[in-house]
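Reviewing the structure listed below.
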Amino acid sequence: MTADHGDTPAPTAGAGTVDLTADAKVEAVDIPPELVAQSLGQYFRASWARVRAGNSGVLPVVLAIVVVAVSFQIANSKFLSAQNLVNLFEQSSIYMLLAIAEIFALLLGEIDLSVGLVMGLGSVVVAELVQPTAANWPWWAAIIVTLLACCAVGAIQGSLVARLRMPSFIVTLGGLLILEGVAIIVLGGGLVGIGNAQYRNELVLYNIFWGSFSPVVSWILMIVIVGAAGIGLWLREASKRRHGLEAPPASLTALKIALMAVAGIALVAICNVNRAHVGTIKGVPYIIPIVLVVLGVSTVLLQRTRFGRYVYAIGGNAEAARRAGVSLPSIRTWCFVLAALISGIAGVLFASWQVSLTTNIIKAANSYVLLAVAAAVIGGTSLFGGRGKTIHGVLGGLVIGGIYNGLYLLGVSSQWIDVVVAAVLLAAAVIDVLSRRGAPAGQK
């Protein structure tokens with residue numbers, strides 16, 4: 001392989017052994033490892049060459065998760081207990097969903113400062129609609145209307161950004177302020193609760209966050225999800241190899257499936273431990289499959305569809321994408337709609353989690369805006385657009401949730417927790433900037 005990538009094509013799956021000498025590694029850092037590897041060992045060597053060149057992928061956030069887990073376990077032996085881990089997963093779900101929502105804007109090189117208040121508005125609307133003394137809507141109708149209302153907010157903001165070319169910072173900052181006021185108006189200045197077991201609609205909404213599958217159903221669900229994902233991954237990669245397309249080594253595909261199975265088994269085993277102080281609470285919480293579904297659909301949308309390719313193209317070079325025939329206004333508008341939709345899902349979970357909503361809780365939703373951006377960036381999504389995956393939001397949300405959870409266990413005051421989260425965010429931003437400096441010119 002020469003230094004001129006325009007003259008020498010990347011090796012294909014059938015091109016034979018790949019030379020990964022020191023010079024070749026440096027030259028191939030901008031090529032996905034699966035395109036230059038014929039074996040698992042070559043794949044890892046190619047991946048390491050990319051890491052050394054500054055393209056570290058999810059490695060920093062994975063190391064951050066390990067450091068957080070080990071540090072807090074040493075400081076407090078309860079951190080890795082089954083009860084606390086399930087609490088950590090539950091509490092991090094809001095951060096994860098909002099980070100996934102934010103990623104749709106960040107990939108375009110934009111920012112959405114309203115995701116936290118879209119969540120706040122969604123939580124108020126769904127809670128008000130199921131009130132037996134007010135609208136008394138069925139729980140499913142209340143959720144649908146809530147999500148549609150959130151999508152409408154995203155469509156308005158996206159249109160202002162995409163079609164009137166207004167700065168997304170200004171548009172979504174204005175949206176944040178408007179939505180805070182609207183949410184408080186809808187709330188009526190009082191308190192709205194959803195935990196009354198006498199009313200089925202309130203009880204169903206309450207159980208979305210606090211309910212769990214039975215242990216047996218949890219195992220069955222894990223087998224179905226991991227089995228379907230594993231079979232789909234294997235068939236897709238096998239089809240690529242059969243048709244002579246670029247594909248990772250079969251051993252790497254098998255390793256990914258094995259890791260999914262191990263992660264699924266560990267998750268269900270942890271959740272099936274009794275975590276109640278009195279009585280019995282076992283099983284996988286409902287919110288974990290909800291987050292996985294949002295993650296899966298978002299991942300497929302961004303990485304397996306034409307829409308996703310257009311999103312990355314716009315974030316990488318908007319003018320080049322426009323000249324290639326991409327409808328920039330349409331794609332940008334839809335990204336803001338999807339960000340609002342996912343924020344609305346987070347709002348339903350937030351209402352279920354809080355049980356009782358007050359004006360103070362709605363005002364506190366402002367902080368979730370910053371945490372959403374922090375989780376996305378900590379996870380590995382670039383602030384400059386064109387680089388990131390939805391899994392980054394999940395990993396970043398887990399880091400932030402772990403820091404909050406661990407420091408609360410240690411009795412650290414909230415202001416110091418904010419300082420620690422800010423320090424981690426700055427470190428992630430520094431890594432992002434340095435990796436861009438080391439990237440090839442076309443990828444900056």
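The values are calculated or read from the model by the stated rules, or taken from the named source; none is laboratory data. Worth saying up front: this structure is predicted, and the values here are computed from it rather than measured. Methodologically, a virtual Cβ is constructed for each residue, glycine included, from the backbone with ideal geometry; neighbour enumeration extends over all protein chains shown. Quick note on the areas: whole protein, heavy atoms, side chains included, nothing else; ligands and nucleic acids left out. Shrake-Rupley method; radii C 1.70, N 1.55, O 1.52, S 1.80 Å.
For the reader, a short list of remarks on this structure follows.
Every residue, every condition in (1) surrounded by 14 or more Cβ atoms within 10 Å (Cβ to Cβ); (2) more than 25 Å from the chain's Cα centre (by Cα), yes or no:
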residue: Leu221; (1), (2): yes, no
residue: Gly230; (1), (2): yes, no
residue: Leu252; (1), (2): yes, no
residue: Ala258; (1), (2): no, no
residue: Gly279; (1), (2): no, yes
residue: Lys282; (1), (2): yes, yes
residue: Ile290; (1), (2): yes, no
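- Within this structure, Glu202 fails the test of being of a type in the set (D, E, K, R), open to solvent by less than 70 Å² (accessible area, probe 1.4 Å), free of Cβ contacts under 8 Å to residues at least 60 places away in the same chain and farther than 30 Å from Gly109 by Cα.
- Every residue from the stretch 314-329 that is open to solvent by 40 Å² or more (accessible area, probe 1.4 Å) and among the aliphatic types (A, V, I, L, M): Ala320, Ala324
- Residue count for the stretch 351-393, restricted to those that are open to solvent by 50 Å² or more (accessible area, probe 1.4 Å), in a helix (DSSP H, G or I), within 29 Å of Val62 (Cβ to Cβ) and of a type outside the set (A, V, I, L, M): 2
- Residue count for the stretch 292-320, restricted to those that are free of Cβ contacts under 8 Å to residues at least 40 places away in the same chain, over 15 Å from Ile100 (Cβ atoms) and β-branched (Val, Ile, Thr): 1
- Conditions (1) farther than 30 Å from Gly188 by Cβ; (2) touching a residue at least 60 places away in the same chain (Cβ under 8 Å); number of the one not met by Arg323: (2)
- Residues of the stretch 292-313 satisfying the condition of being open to solvent by 70 Å² or more (accessible area, probe 1.4 Å), over 27 Å from Leu398 (Cβ atoms) and not basic (Lys, Arg): Tyr310
- Meets criteria (buried (at least 19 other Cβ atoms within 10 Å of the Cβ) and either at pLDDT 90 or above or not small (Gly, Ala, Ser) (or both)) for Val262: no
- Being closer than 16 Å to Ala101 by Cα and surrounded by fewer than 24 Cβ atoms within 10 Å (Cβ to Cβ) is a property that holds for Leu176.
- The listed residue being among the small types (Gly, Ala, Ser), surrounded by 15 or more Cβ atoms within 10 Å (Cβ to Cβ) and touching an Asp or Glu at 6+ places or on another chain (Cβ under 7 Å), out of Ser81, Ser168: Ser168
- Within the stretch 404-418, being in a helix (DSSP H, G or I), more than 16 Å from Phe89 (Cα to Cα) and without any contact (Cβ under 8 Å) to a residue 12 or more places away in the chain holds for Ser414, Gln415, Trp416, Asp418.
- Those residues of the stretch 194-213 which are touching an Asp or Glu at 6+ places or on another chain (Cβ under 8 Å) and at pLDDT 80 or above, in sequence order: Ile194, Phe209
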